[in-house]
Amino acid sequence: MIDKKNASFVPSLCMGEIEEELLVPYPAPKPAEAETLRAIFGTLEKMLGPRAADFAAWDRAGEMPPAFLQELREAGLFGLVVPEAYGGLGLGATAYARVIQELARYDASVAVTVGAHSSIGLRGLLLFGTPEQRARWLPRLATGELLAAFCLTEPTAGSDAASIKTTAVRDGDDFVLNGEKIWITNGGIAGLFTVFAKTSQEGRGHITAFVVTRDMKGVSSGPHEDKMGIRASSTTSVLLEDVRVPADHVLGEVGKGFKVAMRILNAGRTGLGGGSVGGMKRIIELAARQARERSQFGRPIGSFGLVKEKLGRMVVDAYAAESVVNMVAGLVDRGHEEVAVESAISKVFASEALFRTADEALQIAGGMGYMREAPWERIVRDVRINRIFEGTSEILRLFIALTAMNDVAQELKDISAGLKGIFDDPIKGFGLLSDYAKRRASLATGLRRAKGTWTLLHPSLAEEQQAFEAATTALARAADRTLRRHGKRIIEEQLATRRLADALVDLFALGCVLARVSTAIDDRGADAAAPEREILRAFAAGARRRIDASLAGLDEAEDAAVLAVGERALEAGRYVWDNVER
Ligand SMILES: Cc1cc2nc3c(=O)[nH]c(=O)nc-3n(C[C@H](O)[C@H](O)[C@H](O)COP(=O)(O)OP(=O)(O)OC[C@H]3O[C@@H](n4cnc5c(N)ncnc54)[C@H](O)[C@@H]3O)c2cc1C
């Protein structure tokens with residue numbers, strides 16, 4: 001049992017430290033939970049297995065029939081994360097992510113409908129609800145009598161969620177809400193909305209979270225959006241016109257709603273990661289079948305190296321994404337509180353791996369991949385959203401790097417503060433300096449402190465272990481150098497921040513794969529785990545190359561050149577290098 005509930009793996013990497021007990025052994029599902037999951041999988045196969053033609057038809061129609069929603073309700077799919085005391089299944093993060101994964105194997109719109117309800121729609125009640133609020137709404141949310149939606153985005157507030165304009169003005173015992181929310185998943189079918197509104201007009205912030213129900217006067221939803229993918233899921237605007245919301249509908253504290261929103265989104269990310277992994281597993285099945293069945297030049301296309309390579313990379317990506325999602329969900333289930341960075345990584349890594357997988361699978365299908373009669377084009381359309389909603393890849397990368405480097409920044413700040421007061425308190429100042437100097441010296445010489453190494457991994461993984469340790473030292477050095485170079489201006493240095501984030505994403509994924517393969521060897525022996533050892537070899541080599549390239553770029557002129565080109569394109573508003581002007 002880990003006692004360091006506040007330790008966090010990725011921020012520690014920035015300090016050159018490997019908190020290996022957080023990752024090893026790789027978490028295994030509890031037997032009772034595995035049994036529940038098997039029962040759920042059986043139900044899903046019976047209900048969703050024969051529906052492939054329906055899912056394709058509902059994609060075209062852009063809507064899911066109400067009778068099918070009723071089937072999802074009756075199967076108990078809206079009670080997955082609701083505690084048993086309120087009539088739900090009370091699944092932990094790992095089991096929940098696994099169910100979303102399974103749903104995504106059948107249909108992305110179904111996974112998104114159930115996911116938005118459980119991951120973000122009702123999550124505020126689980127995290128912040130008072131006993132009265134929970135007793136009042138959770139039982140009906142568990143049965144699906146009430147479906148839930150999460151309402152943050154507005155026409156002028158997307159990534160910059162703190163700039164929302166919806167207002168909540170206190171009037172006696174009520175708040176009166178006015179505003180427009182857009183692109184709300186389940187917007188057309190939800191009965192309960194977690195709505196974020198400003199409770200003070202002074203500048204940014206002062207946001208409060210409210211539970212709003214559809215039966216309140218002034219609540220309405222707009223038409224179903226005509227989307228690129230996940231077309232059968234409901235996405236609508238939600239309008240709030242003089243909606244009187246009683247004060248006992250406030251979730252958390254008045255004025256602390258931004259924190260509520262961020263906690264909900266952090267908690268929801270392993271669900272989305274799980275969905276991505278499920279999508280990848282289905283795509284691999286389809287791609288393997290295509291590669292076996294399609295012949296060209298007298299042989300199955302799967303026998304060609306370039307096609308086999310694609311399948312291999314898909315499996316490596318899926319294995320790595322699954323390792324990350326299970327690892328983060330496992331940390332959550334063991335009560336770890338500091339997983340915001342790791343869960344953001346799980347979303348970024350899994351959603352991008354899913355997109356690569358879908359794109360390469362379409363390529364394996366060739367021209368057929370482009371035809372609407374085949375499944376590929378819908379898959380590519382469906383998976384694209386994952387890199388956008390619940391935090392875009394760009395915003396999450398900034399969040400990952402800036403949050404992870406916070407400790408390094410804090411240390412640098414302490415040092416400068418310590419230096420300032422060095423003559424007042426030489427002993428304290430000396431302590432600070434010597435600690436810091438030790439860390440810098442260890443980074444500079446490559447002599448790692450004991451904490452910069454793994455001790456729990458199987459010895460046969462020495463090569464990858466050393467690659468990980470070397471990358472950690474390089475990363476910590478780069479974080480230190482970058483923060484000194486830019487100081488507070490790091491916020492404006494997005495390309496440098498992105499490079500550090502890229503390295504962190506790969507390094508965390510590699511840590512999860514290392515821990516998983518090591519645990520597999522310990523549990524089942526080297527021979528049985530040999531195929532997984534191969535996945536590790538393939539992933540580690542690529543990750544190390546990408547990390548080296550990301551960090552090397554911090555000191556090269558490429559980023560400045562690209563920014564200059566982009567700046568000129570912004571000014572010109574067009575491509576100016578045509579050799580025959582129109
Ligand atoms: C199908 C669908 C379902 C959705 N469901 C919900 C839902 O249930 N509830 C809800 O509240 N919202 C929902 N959304 C909204 C979604 O969360 C937002 O679309 C997303 O957060 C991005 O906001 P935006 O679209 O306004 O893009 P913008 O914020 O305008 O961003 C546009 C681009 O600029 C980049 N960018 C923005 N700011 C920065 C920056 N500071 N630095 C670098 N790059 C930046 C972004 O990464 C992106 O590439 C949904 C959206 C869709 C399409």
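The values are calculated or read from the model by the stated rules, or taken from the named source; none is laboratory data. Predicted model only: the values in this text are computed from it and were never measured. Cβ coordinates were reconstructed from backbone atoms using ideal geometry, including for glycine residues, and neighbour counts include every protein chain displayed. Just so you know, the surface numbers come from the protein's heavy atoms only, side chains and all, with ligands and any DNA or RNA stripped out. Shrake-Rupley method; radii C 1.70, N 1.55, O 1.52, S 1.80 Å.
The table below gives the values:
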| read-out | value |
| --- | --- |
| Long-range neighbours under 9 Å by Cβ, at least six apart or interchain, first residue over 30 Å from R60 (Cβ atoms) and within 16 Å of the ligand (Cβ to nearest atom) within region 232-257, second open to solvent by 40 Å² or more (accessible area, probe 1.4 Å) and hydrophobic (A, V, I, L, M, F, W, C) | L251/L127; L251/F128 |
| Out of V580, V513, V517, sole residue that is free of Cβ contacts under 8 Å to residues at least 24 places away in the same chain and farther than 20 Å from I395 by Cβ | V580 |
| Conditions (1) assigned to a helix (DSSP H, G or I); (2) under 28 Å from Y96 (Cα atoms): number failed by E337 | (1) |
| Of residues in region 130-177 being away from the ligand (no atom under 16 Å from the Cβ), surrounded by fewer than 17 Cβ atoms within 10 Å (Cβ to Cβ) and part of a loop (DSSP other than H, G, I, E, B), the one farthest from the chain's Cα centre (by Cα) | G172 |
| Flag if L77 is at pLDDT 95 or above, part of a loop (DSSP other than H, G, I, E, B) and more than 16 Å from the ligand (Cβ to nearest atom) | yes |
| Residues satisfying the stated conditions in region 337-355, i.e. open to solvent by 10 Å² or more (accessible area, probe 1.4 Å) and either more than 20 Å from I379 (Cβ to Cβ) or over 16 Å from the mean Cα position of the chain (by Cα) (or both) | E337, E338, V339, A340 |
| Search result, residues across region 82-129 that are assigned to a loop (DSSP other than H, G, I, E, B) and within 18 Å of E322 (Cβ to Cβ) | L91, G92 |
| Residue match in region 4-13 (condition: under 23 Å from Q101 (Cα atoms) and either free of Cβ contacts under 8 Å to residues at least 60 places away in the same chain or surrounded by 15 or more Cβ atoms within 10 Å (Cβ to Cβ) (or both)) | no |
| Filter result for the condition that a residue is of a type in the set (S, T, N, Q), in contact with a Ser or Thr (Cβ under 8 Å, 6 or more places away or on another chain) and open to solvent by less than 30 Å² (accessible area, probe 1.4 Å), over N386, N326 | N386 |
| Count - residues of region 283-310 that are part of a helix (DSSP H, G or I) and open to solvent by less than 60 Å² (accessible area, probe 1.4 Å) | 13 |
